[in-house]
Amino acid sequence: MTEDRTFAIAPNETRAAALDRLAALLEGSGVDEARADARALLLAAAGLTHAQWVLEPSALLGQEAAARLAGYAARRAAREPVSRILAKRGFWTLDLDVAPNVLDPRADTETLVALALRLTANRRDEPLSFLDLGSGSGAILCALLAESPAAWGVAVDLSAAACDATRANLAALGLESRASVLRGRWAEAISGRFDVVVSNPPYVKRADIATLAPEVTLHDPALALDGGADGLACYREIATELPRLLKGDGVALFEAGAGQIGEISAFLEMAGLEIAGVERDLGGHERAVAARAPGAESVTI
Ligand SMILES: C[S@@+](CC[C@H](N)C(=O)[O-])C[C@H]1O[C@@H](n2cnc3c(N)ncnc32)[C@H](O)[C@@H]1O
């Protein structure tokens with residue numbers, strides 16, 4: 001007998017009872033943080049703030065919210081991430097739109113943003129230039145520009161959907177006048193030099209992609225995941241370009257996958273750069289590495 005994964009809600013069901021049933025359904029579908037996801041979907045379906053939920057868990061859900069929640073429940077049970085169902089993702093201090101066929105930005109990437117901001121902390125009011133290679137939703141560039149009021153930036157992505165998503169997020173945040181978005185292969189079409197070059201390139205080993213959670217394999221585009229046979233192909237390619245992209249006191253930053261920092265640092269050094277620092281994410285994993293031109297001692301962590 002197959003398990004019933006549908007989620008019909010009785011109009012007289014309370015918010016708390018609906019949450020319990022939805023959490024059980026999601027858990028049965030293999031969702032990791034089933035209760036947290038159920039609550040996020042319930043709050044969104046009913047248009048509730050967290051406080052309203054806490055104060056009135058025994059209020060009736062109501063028919064409209066129940067119908068909306070049933071739709072969300074079916075999608076989450078089929079392993080679509082909450083951020084894609086709600087088309088929103090909190091990143092850094094921003095609310096970003098999440099678009100189909102574009103990588104859903106991850107909290108780990110905030111480590112790269114934090115490191116870039118730390119390295120430019122005493123230059124926050126200067127007209128710094130940022131280059132974001134593989135911009136996806138535009139998460140990194142949007143966060144950097146939002147924190148650096150006089151800065152400007154260029155975003156590059158090979159995916160048309162990603163370029164559209166970057167433009168849309170820049171516009172929604174009022175940052176579009178300080179940024180250009182180019183569709184192309186890494187820095188192929190870039191001729192200038194930048195204060196900060198950032199990249200979170202695809203870094204999953206090709207053979208590992210099929211083993212990732214359905215939330216990733218079914219919803220994040222392969223172009224955003226596939227790092228070639230050893231996961232490092234994009235770093236190799238981008239690292240050789242960095243010396244011509246950096247100003248004399250410029251800095252380049254990469255996000256890294258688990259266990260990749262050593263090899264990525266070696267690529268950066270082979271390209272003639274010096275490692276300026278490594279940053280750990282909240283889980284304690286080495287997640288981002290920064291490199292500078294030799295002698296650019298001002299760039300330190
Ligand atoms: C891991 S995603 C990162 C997206 C975004 N920067 C973020 O951190 O959320 C990598 C991005 O690189 C883009 N990409 C892959 N190969 C590329 C290439 N050869 N040239 C430019 N962009 C590429 C993908 O389309 C994808 O948007």
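The values are calculated or read from the model by the stated rules, or taken from the named source; none is laboratory data. These figures come from a predicted structure and were not determined experimentally. Glycine also receives a Cβ, built like all others from the backbone with ideal geometry; neighbour counts cover every protein chain displayed. Heavy atoms of the whole protein, side chains included, go into the accessibility calculation; ligands, DNA and RNA do not. Shrake-Rupley method; radii C 1.70, N 1.55, O 1.52, S 1.80 Å.
Evaluating A139 against the criteria (1) more than 18 Å from E241 (Cβ to Cβ); (2) surrounded by 24 or more Cβ atoms within 10 Å (Cβ to Cβ); (3) more than 17 Å from the chain's Cα centre (by Cα) leaves one unmet condition, (3).
When you check A207 against the structure, is it closer than 17 Å to E255 by Cβ, open to solvent by 10 Å² or more (accessible area, probe 1.4 Å) and among the aliphatic types (A, V, I, L, M), yes or no? Full working, then the answer.
On the way: closer than 17 Å to E255 by Cβ: no; open to solvent by 10 Å² or more (accessible area, probe 1.4 Å): yes; among the aliphatic types (A, V, I, L, M): yes.
In short, no.
What do you reckon, is L158 open to solvent by 50 Å² or more (accessible area, probe 1.4 Å) and either in contact with a Lys or Arg (Cβ under 9 Å, 6 or more places away or on another chain) or without any contact (Cβ under 8 Å) to a residue 40 or more places away in the chain (or both)? So L158 passes the test. Checking each residue in the range 77-124 for being on the phi > 0 side of the Ramachandran plot and away from the ligand (no atom under 14 Å from the Cβ) picks out R79, A87. When A239 is tested against (1) touching a Phe, Trp or Tyr at 6+ places or on another chain (Cβ under 8 Å); (2) open to solvent by 10 Å² or more (accessible area, probe 1.4 Å); (3) within 14 Å of the ligand (Cβ to nearest atom), exactly one condition is not met: (2).
Would you confirm whether or not the range 46-62 contains a residue that is modelled with pLDDT under 95 and either charged (D, E, K, R) or at positive phi (or both)? Scanning the range 46-62, I find at least one residue that is modelled with pLDDT under 95 and either charged (D, E, K, R) or at positive phi (or both), so the answer is yes.
Quick check on A143: is it assigned by TED's automatic domain parsing to the domain that holds D220, touching a helix residue (DSSP H, G or I) at 6+ places or on another chain (Cβ under 6 Å), assigned to a helix (DSSP H, G or I) and over 23 Å from S191 (Cβ atoms)?
On the way: assigned by TED's automatic domain parsing to the domain that holds D220: yes; touching a helix residue (DSSP H, G or I) at 6+ places or on another chain (Cβ under 6 Å): yes; assigned to a helix (DSSP H, G or I): yes; over 23 Å from S191 (Cβ atoms): yes.
Here the answer is yes, as A143 does meet what is asked.
Residue pairs whose Cβ atoms lie under 7 Å apart, sitting 6 or more positions apart in sequence or on different chains, and linking a residue in the range 182-195 that is farther than 12 Å from A155 by Cβ to a partner that is in a loop (DSSP other than H, G, I, E, B) and modelled with pLDDT of 95 or more, are R185/L158; D195/L128. Screening E188 on (1) within 21 Å of V98 (Cα to Cα); (2) of a type in the set (D, E); (3) surrounded by fewer than 17 Cβ atoms within 10 Å (Cβ to Cβ) shows it passes everything except condition (1).
Just the residues that are surrounded by 17 or more Cβ atoms within 10 Å (Cβ to Cβ) and closer than 17 Å to S83 by Cα, please, taken from the range 24-42. Result: L26, V31, A34, D37, A38, R39, A40, L41, L42. Checking A224, A256 one by one, the residue that is touching a helix residue (DSSP H, G or I) at 6+ places or on another chain (Cβ under 8 Å), of a type in the set (A, V, I, L, M), buried (at least 19 other Cβ atoms within 10 Å of the Cβ) and closer than 19 Å to A116 by Cα is A256 and no other.
If you check G272, G231 for being part of a loop (DSSP other than H, G, I, E, B) and either touching a Phe, Trp or Tyr at 6+ places or on another chain (Cβ under 6 Å) or not assigned by TED's automatic domain parsing to the domain that holds G192 (or both), only one passes: G231.
Kindly indicate which of S137, S159, S129 is away from the ligand (no atom under 11 Å from the Cβ) and among the polar types (S, T, N, Q).
Only one candidate passes the filter, namely S129.
Which is open to solvent by 40 Å² or more (accessible area, probe 1.4 Å) and within 22 Å of S191 (Cβ to Cβ), of P149, P127?
Of P149, P127, the one residue that is open to solvent by 40 Å² or more (accessible area, probe 1.4 Å) and within 22 Å of S191 (Cβ to Cβ) is P127.
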